[in-house]
Amino acid sequence: MYPNWFQKLDPLDPKVAAVIDAGYLVPLPKRDAEGRRVVLSCMGRFDPHLYDSCVMARGHSMIVELLLDEPRSQLLGYMHVNDEAGMQMPHVSLWSLTDVRIMLNCIQNSTPMRHKCTHFVNIPHYGVRFFEFAVSLLSDKLKDRVMFHRTSEDLTKHVDPSILPKEYGGTVPLRDMVEELKKNLLKRREELLALDEMCVDLYALEKNDLTQDIHSTAGSFRKLELD
């Protein structure tokens, strides 16, 4: 389902490679004080006039697959820092409301990641309603883990600036982080492409669900007989 979002996760794909090289999305090398992997996204570094939502989604999917093999991250979870500076109306129009619903459903129910905290900063006034709608679709647990900040200075009151790129008060330039990410993605290229060879037998799942329902119903009748 939705192959344009989750398949062909090729670090050498020209469009995806350009988005990664621009620094739109990058896992930070330093973890936070609780040991969580931090993922930074910079909306202003994604050109909505050149790339569509499918390219954006594939970029995210590729980073997710890269991080899922970190046992420490699976245990301690992830923190997301989303800088919306430079966001334009074309960014908002990339996604239909239906696509937003589907994507957030995937993030909550299909992606095996522990999303411990999500920060949004520098949201322009015309993007507020969009993010309000998106957050309204989250579970109560995830809603409680979302924080909004007006400025980068406000953000650093909650996120240690030393783990962020130099542009945000840290010590390592964002460019260096991007180059390291590109190397790691290339090392994992064959594994990422091999994901397309995996498949799920939906018929078998439906059959298994039906069998479980039958056994569950039978068990209920047995319980009634005993009662």
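The values are calculated or read from the model by the stated rules, or taken from the named source; none is laboratory data. Quick caveat, the model's predicted, so the values are computed rather than measured. Cβ atoms come from the backbone with ideal geometry, glycine included; neighbour counts cover every protein chain shown.
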The listed residue being under 12 Å from the mean Cα position of the chain (by Cα), closer than 24 Å to PRO11 by Cβ and of a type in the set (A, V, I, L, M), out of LEU68, LEU94
LEU68
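Answer yes or no as to whether LEU155 is in contact (Cβ under 8 Å) with a residue 40 or more places away in the chain and farther than 30 Å from LEU186 by Cβ.
Taking the combined requirement at face value, the residue satisfies it.
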Among the residues listed as VAL172, VAL146, VAL135, the single one being under 30 Å from THR98 (Cα atoms), modelled with pLDDT of 95 or more and touching a helix residue (DSSP H, G or I) at 6+ places or on another chain (Cβ under 8 Å):
VAL146
Write out, first by first residue and then by second, each pair whose Cβ atoms fall under 8 Å of each other, whose residues are 6+ apart or on separate chains, and whose first residue, in the stretch 77-97, is closer than 11 Å to LEU40 by Cβ while the second is polar (S, T, N, Q) and modelled with pLDDT under 95.
ASP83/SER152
Can you tell me which residues in the stretch 162-200 are within 10 Å of PRO11 (Cβ to Cβ) and in a loop (DSSP other than H, G, I, E, B)?
ARG188
When you check VAL55 against the structure, is it β-branched (Val, Ile, Thr), closer than 25 Å to LYS183 by Cβ and at pLDDT 95 or above, yes or no?
yes
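Taking the options PRO29, PRO14, name whichever one is over 20 Å from GLU167 (Cα atoms), surrounded by fewer than 21 Cβ atoms within 10 Å (Cβ to Cβ) and modelled with pLDDT of 95 or more.
Numbers: PRO29 fails: over 20 Å from GLU167 (Cα atoms).
Result of the check over PRO29, PRO14: PRO14.
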Kindly indicate whether LEU75 is in contact with a helix residue (DSSP H, G or I) (Cβ under 7 Å, 6 or more places away or on another chain) and on the phi < 0 side of the Ramachandran plot.
no
Which ones in the stretch 41-52 are crowded, with 19+ Cβ neighbours inside 10 Å and either farther than 19 Å from LEU181 by Cα or in contact with a His (Cβ under 8 Å, 6 or more places away or on another chain) (or both)?
SER41, MET43, PHE46, TYR51
Single condition MET147 does not satisfy, out of (1) closer than 23 Å to GLU65 by Cα; (2) among the hydrophobic types (A, V, I, L, M, F, W, C); (3) out of contact with any Asp or Glu (no Cβ under 8 Å at 6 or more places or on another chain)
(1)
Given the structure, is ILE20 within 12 Å of the chain's Cα centre (by Cα) and either in a helix (DSSP H, G or I) or more than 24 Å from CYS117 (Cα to Cα) (or both)?
no
Taking ARG31 as meeting all but one of (1) in a helix (DSSP H, G or I); (2) more than 21 Å from LEU195 (Cα to Cα); (3) of a type outside the set (Ser, Thr, Tyr), write down the number of the exception.
(1)
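From the list LEU186, LEU181, pick out the single residue that is surrounded by fewer than 17 Cβ atoms within 10 Å (Cβ to Cβ) and under 29 Å from TYR2 (Cβ atoms).
The match here is LEU186.
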Quick check on the stretch 117-129: of everything there that is out of contact with any strand residue (DSSP E or B) (no Cβ under 6 Å at 6 or more places or on another chain) and touching a residue at least 12 places away in the same chain (Cβ under 8 Å), which residue is farthest from SER41 (Cα to Cα)?
TYR126
